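The values are calculated or read from the model by the stated rules, or taken from the named source; none is laboratory data. Because the structure is a prediction, the values reported are computed rather than measured. Backbone-built Cβ (ideal geometry, glycine too); neighbour counts: all protein chains shown. Protein only, heavy atoms only, side chains kept; ligands, DNA and RNA dropped before computing areas. Shrake-Rupley method; radii C 1.70, N 1.55, O 1.52, S 1.80 Å.
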Amino acid sequence: MDLRFTPEEVAFREEVRAFIRDNLPADIRERMRLGHKPTKQDTITWQRILNAKGWAAFSWPEEWGGPGWTAVQRMIFLEENLQAPAPELLSFNITMLGPVLVEFGTEAQKRRFLPRAANLDDWWCQGFSEPGAGSDLASLRTAAVRDGDHYVVNGQKIWTSTAHNADWCFCLVRTDPKAAKRQEGISFLLIDIRTPGIEVRPIISIDGSHHLNEVFFTDVRVPAENLVGEENRGWSVAKYLLGNERTGIARLGTSKAAVRRAKEVAREVRARGRPLIEDRAFRTRVAQLEVDMKALEITQLRVVSAFAKSGGKKPDPLSSVLKVKGTELLQASSELVMDVGGPLAMPAWQQELAALANEPAPVPDWAPAMAPAYLMLRAASIYGGTNEIQKNILNKAVLGL
């Protein structure tokens, strides 16, 4: 297997890189460069710029607005977007709901929702996890009872990312509580988050941000036309959603950008009277991370190649390696950045410096975002399928244990 990029793929990378350089707004670029999270408007602005280019729905068929890229091109695009760094496309819209509607949606659902999802006219969130139904998702209890041309939904979802920003939620609900197996009797509904009876409560995460939420449903009436696929067959839809998109799961672009940032800052920080970038232990640590990233990049190419050869219909269980190692590298690279910043990376220390200073605080512009990014990425090995669950998949599907 030849894992080198073809001349056409190299040229494509340069095209993507040039477009991002020329079209990413300067204010968004600067916030991202300093490590801050994009605002809601940043994400909307950038996704609409990409959509005008025809690139936002990067994994969709051309019939529904996709660019017709190969799996390798999609991987290159995502990596360059992360490395820029630019705001990530809203995954709930692009890599989750979009492919599901293309595969299972009615023509009316596709026409109604797909163009708006690509242009981020609708912000979607994912209503899957519940208290007691996280990694064991089949234990979900949120119920939907058919009442004429509506479903009446009651229950609770938790860890619902960006629900406070959302217009719509794609949700797993139990429509047959008497089904023989827990995976049966589950349906996939599209719910307008502004429907009466829905309450969104914030969860403040360890980095101090409001990204997560609890969502409560009390007698929420959802039109039956918002059912995706067949009633009681939502588990198949959910599996397709979770297993469809293999490209970018390792988020290597984010890790590469973090290591690059650490090297830049290490030229400013001094250790034992010399720039940290000259410290042998630091350079060894960076080299090991870069070797690990290259090894994962090769594994990612293998997975992408196998997925492409299957016609996009057979997810490779090795994608679990991308999740496990990818999150480990995300955490290791953010820890590297934190260690380079040292005390300056700690919010309490930054505030103390600001209070003591008689002039603008002597805190470098690169310092404030370090600790929040480090703290938030502690959860990377939990969300998106815990690494322990991914290792179980590898044990069974790859090692045959």
Response to the item:
Flagged pairs (Cβ under 9 angstrom, 6 or more apart or on separate chains; first in region 373-401, within 25 Å of ASP207 (Cα to Cα); second basic (Lys, Arg) and not in a helix (DSSP H, G or I)) are ALA373/LYS37; MET376/LYS37; ALA380/ARG251
Worksheet entry | Failed criterion for ASN358 (all others in (1) surrounded by 15 or more Cβ atoms within 10 Å (Cβ to Cβ); (2) at pLDDT below 60 hold) | (1)
Worksheet, complete the sentence: Over region 368-401, the set of residues under 25 Å from LEU34 (Cα atoms), open to solvent by 70 Å² or more (accessible area, probe 1.4 Å) and either modelled with pLDDT under 90 or in the same structural domain as SER129 (by TED's automatic domain parsing) (or both) is TYR383
Discussion item. Looking at region 123-145 only, could you name the residues that are open to solvent by 20 Å² or more (accessible area, probe 1.4 Å), part of a strand (DSSP E or B) and within 21 Å of SER381 (Cβ to Cβ)?
Written reply: GLN126
Practice prompt. Would you check if VAL286 is surrounded by 15 or more Cβ atoms within 10 Å (Cβ to Cβ), modelled with pLDDT of 95 or more and more than 21 Å from ILE206 (Cβ to Cβ)?
Written response: yes
Discussion item. Quick check on my filter: what residues within region 195-204 are open to solvent by 40 Å² or more (accessible area, probe 1.4 Å) and more than 22 Å from the chain's Cα centre (by Cα)?
Written reply: PRO196, GLU199
Worksheet entry | Residue in region 315-327 that is surrounded by the most Cβ atoms within 10 Å (Cβ to Cβ), counting only those that are under 15 Å from the mean Cα position of the chain (by Cα) and not hydroxyl-bearing (Ser, Thr, Tyr) | GLY326
Discussion item. Suppose the filter is at pLDDT below 95 and closer than 30 Å to ALA345 by Cα; does ALA250 pass it?
Written reply: yes
Fill in: Complete set of residues in region 232-281 that are on the phi > 0 side of the Ramachandran plot, basic (Lys, Arg) and touching a Ser or Thr at 6+ places or on another chain (Cβ under 6 Å)
none
Fill in: Entirely in region 1-110, the helices (runs of 4 or more DSSP H) that have 2 or more residues that are in contact with a helix residue (DSSP H, G or I) (Cβ under 9 Å, 6 or more places away or on another chain), closer than 18 Å to TRP168 by Cβ and open to solvent by less than 70 Å² (accessible area, probe 1.4 Å)
40-53, 98-104
Fill in: region 224-236, residues that are open to solvent by less than 50 Å² (accessible area, probe 1.4 Å) and more than 9 Å from LEU190 (Cα to Cα)
ALA224, GLY229, ASN232, GLY234
